[in-house]
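Chemist: For reference, the structure I am asking about is given below.
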Amino acid sequence: GYNYPGLTLEMELHGPTIRVRGATSAPFPGYMLIGRGESYAWTLTSADGDVVDTYAETLCGGSRLRYLYKGSCRRMQSVDDGTITKGTKSVHVRFRRTVHGPVIGYARVRGSDELVALATRRSTYGRETVDQLFFQQMTYGRVHSARDFVNAASLTPQTFNSFYASANESAFYTSGRLPLRPKGVNPDLPVKGDGRYEWTGYLAKNGHPHVLNPASGYIV
C-alpha cells in the first residue's frame, strides 16, 4: 500500500560536515527533509500552490495528433517510456506531448462538435530534483540566519510552507515556481492553447508569502 514502506523515516546523520537529526525520505541523496541541526530547526507543510494548468489544444486537419499553436499546425511529440512493472503486470507506457505538456485526454467544446486535446503544463517539469538544493543547505549547516533560510527555501520549485527557528530568530516562507498568468485566464478552467494565453513569467522570490523575525516572537 501507499503507506508501506513509509514515505519518510527518522534518522540521524553525522559526518565531518553534517550533524543533523530528523526525517528524510528513502530516495533522497543523504539530505534531511525535516529536522534540526546544532543551532536551528526547520519543518515543512504542503502549500498546494497552483503550478499546473490544463490547455485545450485546437486540433487541425481533422487529426487527433496535430494541433494549432501560434498560427501553425504542429505534430504532437510521441514519448515512449518503455515497459514498467506494477505488481505482476507489465505495462508499456506511451503518450503524446504538445508544447504545453502531456496529453491527458480529449473533450468536446460545449455546444459544438469540435474536438480538442487536453494537455497539462506544470511549472516544475524537468526541475523535480531542484528542491534538493534547499535540503542540502539545511543538512550541511549552511544556513546561519533567518535571511539565509529564506534564500535557501526559495531555491525549491515545489510548493512548501517552510518554517525555521533558532535560539533568537524565526522565519516562514512559501515556496513554489508560481506562474504568472495573462489577464482573463481562470486557472481553474482549461486555457485555449493557441499561444495567446501563455504564462508571462514566475512570481519573484520577494513576492512569495514570507515572515522574517516577527516582532511578536511567534508566527501564526
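The values are calculated or read from the model by the stated rules, or taken from the named source; none is laboratory data. Just so you know, these numbers come straight off a predicted model, no measurement behind them. When we count neighbours, we look across all protein chains shown, and the Cβ atoms used for this are built from the backbone with ideal geometry, even at glycine. The area values use the complete protein model at the heavy-atom level, side chains included, leaving out ligands, DNA and RNA. Shrake-Rupley method; radii C 1.70, N 1.55, O 1.52, S 1.80 Å.
Chemist: May I ask you to list the chymotrypsin sites (Phe, Trp or Tyr not before Pro) in the stretch 125-185 that are in a DSSP loop and have at most 16 other Cβ atoms within 10 Å of their Cβ? Walk me through the numbers on the way to the answer.
Modeler: Numbers: sites: Tyr125, Phe134, Phe135, Tyr140, Phe149, Phe160, Phe163, Tyr164, Phe172, Tyr173; in loops: Tyr125, Tyr140.
Listed in order of number, the matching sites are Tyr125.
Chemist: To continue, here is another question. Would you please state which residues of the stretch 75-90 a label at Leu115 would reach in this model, taking the label point 7 Å out along Cα→Cβ and a backbone N cut-off of under 18 Å?
Modeler: What the label zone holds, given the 18 Å backbone N cut-off, is 75-78.
Chemist: Would you kindly state how much longer the chain becomes between Ala41 and Arg97 on full extension, computed as 0.36 nm times their sequence separation minus their alpha carbon distance, in nm to one decimal? If you can, show how the numbers build up before the last one.
Modeler: Numbers: separation 56, 0.36 × 56 = 20.16 nm, distance 4.18 nm.
Length difference between fully extended and current span is 16.0 nm.
Chemist: Between beta-carbons, use under 14 Å as the cut-off and find the net charge around Arg75, counting Lys and Arg +1, Asp and Glu -1.
Modeler: Values: positive: Arg64, Arg66, Arg74, Arg96, Arg97; negative: Glu57.
Once all neighbours under 14 Å are counted, the net charge is +4.
Chemist: Measure off, as a whole percent, the carbon and sulfur share of the 1.4 Å-probe accessible area of the chain, all protein chains present. Mind dumping the intermediate values first?
Modeler: Numbers: 6860 of 13230 Å².
For the chain, the apolar C and S fraction of the accessible surface comes to 52 percent.
Chemist: In square angstrom, what is the accessible area per residue of the stretch 64-220 with a 1.4 angstrom probe? Intermediate values should be presented prior to the final figure.
Modeler: Working: 9330 Å² over 157 residues.
I get 59 Å² per residue for the stretch 64-220.
Chemist: Note the listed values (1) 16.7, 53; (2) 17.5, 52; (3) 21.8, 67, then indicate which one is Rg and Dmax of the Cα atoms in Å calculated from this particular structure.
Modeler: Label of the calculated value: (3).
Chemist: Also, I was wondering about something else. When DSSP beta bridges are limited to those with both residues in the chain, what percentage is antiparallel, rounded to the nearest 5?
Modeler: On the way: 56 of 58 bridges.
Here the share of antiparallel DSSP bridges comes out near 95 percent.
Chemist: Would you calculate the separation in nanometres between label points at Arg66 and Leu212, each defined as 7 Å from the Cα along the Cα-to-beta-carbon direction?
Modeler: With each label placed 7 Å out from Cα toward Cβ, I get 5.5 nm.
Chemist: Here's a follow-up. Which value in deg cm²/dmol, rounded to the nearest 500, describes the helix-derived mean residue ellipticity at 222 nm for the chain, given -39,500 (n - 2.57) per DSSP H run of n ≥ 4 and division by the residue count? Write down the numbers at each step before the final one.
Modeler: Values: 2 runs with 16 residues, N = 220.
After summing the helix terms and dividing by the residues of the chain, the value is -2000 deg cm²/dmol.
Chemist: Hey, another quick one. Could you list which residues have their amide H under 5 Å from that of Val20, counting only those 5 or more apart in sequence or on another chain, with H placed in the peptide plane?
Modeler: Those qualifying (amide H under 5 Å, at least 5 residues apart or on another chain) are Leu13.
Chemist: What are the ³J(HN,Hα) couplings of the stretch 206-220, residue after residue, when phi is run through the Karplus curve with 6.51, -1.76, 1.60 and θ = phi - 60°? Round to Hz, x for glycine and proline.
Modeler: Per-residue couplings from phi come out as 6, x, 6, x, 7, 9, 10, 6, x, 4, 5, x, 9, 10, 10 Hz.
Chemist: Counting other Cβ atoms within 10 Å of each Cβ, which GluC sites (Glu not before Pro) in the stretch 18-124 have at most 16 and sit in a DSSP loop? Before the final figure, lay out the partial values.
Modeler: Values: sites: Glu38, Glu57, Glu114; in loops: Glu38, Glu114.
Qualifying residues, ordered by number: Glu38, Glu114.
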